[in-house]
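Student: Can you keep this structure in mind? I'll have questions shortly.
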Amino acid sequence: MTTARWYPTVVTMGDGDVFITSGSLKNLDFDHLENTNNPTYEFYPSRYGPNIFSSLLNWAYPHNLYPVCFQLPGGKIFQMVSNRTVLIDPRVDPQGVLEANTVEIASLPAIDHAPWIYPHTPTAFLLPLKESSNYTATVMICGGTKNSSRFASADCYSIQPDIQGAKWVAMPNMPHARLMPDSAVLPDGTIMLTNGDGWGQAGSNGGESNFGAAPVLATDIYDPVTNSWSTVGTSTVPRMYHSGVVLLEDATVITTGSEMANYLDFWGTPSAVGPVDAMASVTGAGAKPECYPSGKQVCTLPYEMRIERFTPPYLSNNLPRPILSPLEKGTKFVYGSTVGVQINPTGAPVSRITFVRYTTTTHSTNTDQRMIEPNLLFLNSTYAVFKIPPTGNIAPPGNYHMFALTKDGTPSVGQTVLLGSGVATVVTIPAGSAPTKSGSVSTISTGLRDSTLALVLLAFL
């Protein structure tokens, strides 16, 4: 990078380049904000010069770390900071006319909610991108903290930023208010939310549990089809600051991290919280004042080493699963191609094919995860044909889990596929076949290429 950035957001763009935005010049201290603001973004490889000024980032400071950002199908970069939203066109040089590549769209409405950004951390995600809906993008944001207190918020809002006149729309509240929630897009298109606290804020050094309290153990799932939430399980390990979730190829999810494993030393009980509008001091039955400040004496190691595996409802009923025939290592599907995949007929009947991008996650921020669902042009018990999205703006280049699902949403074990650019090709659709959902077949391709991309968990301190 061309400048120091503490807590930036990084986005893989449709052409494989990287958009890097915000991040302060040093560790953010709200009591000492001088010489810290860095209201700029840049591209890698560099384009248009280093450190491009953003008036939105400058306006939002100090609430401008980990902006909510996504690559949109229309080619622009979505960026939300605090409560304001802009679209940045990476194809336009912003230097000739200042911010010529930036257009502000809707702001989140004024409600009892602190800025929708670190340290009042919510989580944001893209709802499934479906060919049947022309790959229209919907950004949804949930959680964070209230403005009137340090208690967590259950609010959720969504926006379709590629649509002219886009507005933020209130969505059903989460069943459990939480700040620092983590989200995982699942193979069936539902969204899992877990981890987080019921009170406090993000931040602190390891073990400074006075910043967060009342860990939320329940796991909730949002269904975009029914626009409804359900609570589907309870974890046993509190996941507070510096936690994460990752979807695995077997369609289960692991939860990781937390550097407040010593929170009971400070709070005494899981339900204890601090004053409504101030940080807490060591009080309450069961608390251990002798353990703080944690830098002087550690009674309980604050770093959570355990990992839990969550089994979503689509696997909990033990129904037969579809079986995708193994792909060659390094299989690549090229944008704009029509491809065919083999299905093992001994598995459950297939109804859908979905792709979920490999994930990178930190601080409830995950710009990489997205689910892509193509229409099926042909399907029988042994073979499925479908189109790969035409550009990387819909499916940024990289490794994806490819899943086959039954009509009830039971997924197969995933197969790793690399999506990227190249020469598009078309497979032959079996004679007499008919599209299952969409009409004509467009030009498409398959190809092979070794891939060394790996799942990455980021935990920046």
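The values are calculated or read from the model by the stated rules, or taken from the named source; none is laboratory data. All values reported here derive from a predicted model rather than from experimental measurement. No Cβ is skipped: glycine too gets one built from the backbone with ideal geometry, and neighbour counts run over all protein chains shown. Remember, those area values only see protein heavy atoms, side chains included, never the ligands or the DNA or RNA. Shrake-Rupley method; radii C 1.70, N 1.55, O 1.52, S 1.80 Å.
Student: Got a number for carbon plus sulfur as a percent of the chain's accessible area, 1.4 Å probe?
Tutor: The nonpolar share, carbon plus sulfur, comes to 54 percent.
Student: Relative contact order for the range 1-74 using alpha-carbon pairs under 8 Å, separation at least 6, rounded to a whole percent?
Tutor: That works out to 33 percent.
Student: Leaving out ligands and nucleic acids, and using a 1.4 Å probe, what accessible area per residue does the range 306-369 come to in Å²?
Tutor: 43 Å²
Student: Looking at this model, which pairs from K26/K332; K167/K332; K76/K332 are more than 29 angstrom apart at the alpha-carbon?
Tutor: Checking Cα-Cα distances, K26/K332; K167/K332 exceed 29 Å.
Student: Arrange the peptides 299-306, 213-220, 14-21 so that the one whose residues have, on average, the most other Cβ atoms within 10 Å appears first.
Tutor: 213-220, 14-21, 299-306
Student: So how do 286-292, 28-34, 378-384 stack up, highest first, on mean other-Cβ count within 10 Å?
Tutor: Output ranking for 286-292, 28-34, 378-384: 378-384, 286-292, 28-34.
Student: For the range 219-272, what is the accessible area per residue in Å² when the probe is 1.4 Å?
Tutor: 32 Å²
Student: Moving on. Calculate, for the range 17-157, the solvent-accessible area per residue in square angstrom, rolling a 1.4 angstrom probe over the heavy atoms of the protein chains.
Tutor: For the range 17-157, the per-residue accessible area is 36 Å².
Student: Run down the aspartates and glutamates and flag those whose C-alpha is under 19 Å from the C-alpha of K329, throwing out any fewer than 8 positions away in its chain.
Tutor: E249, D250, D450
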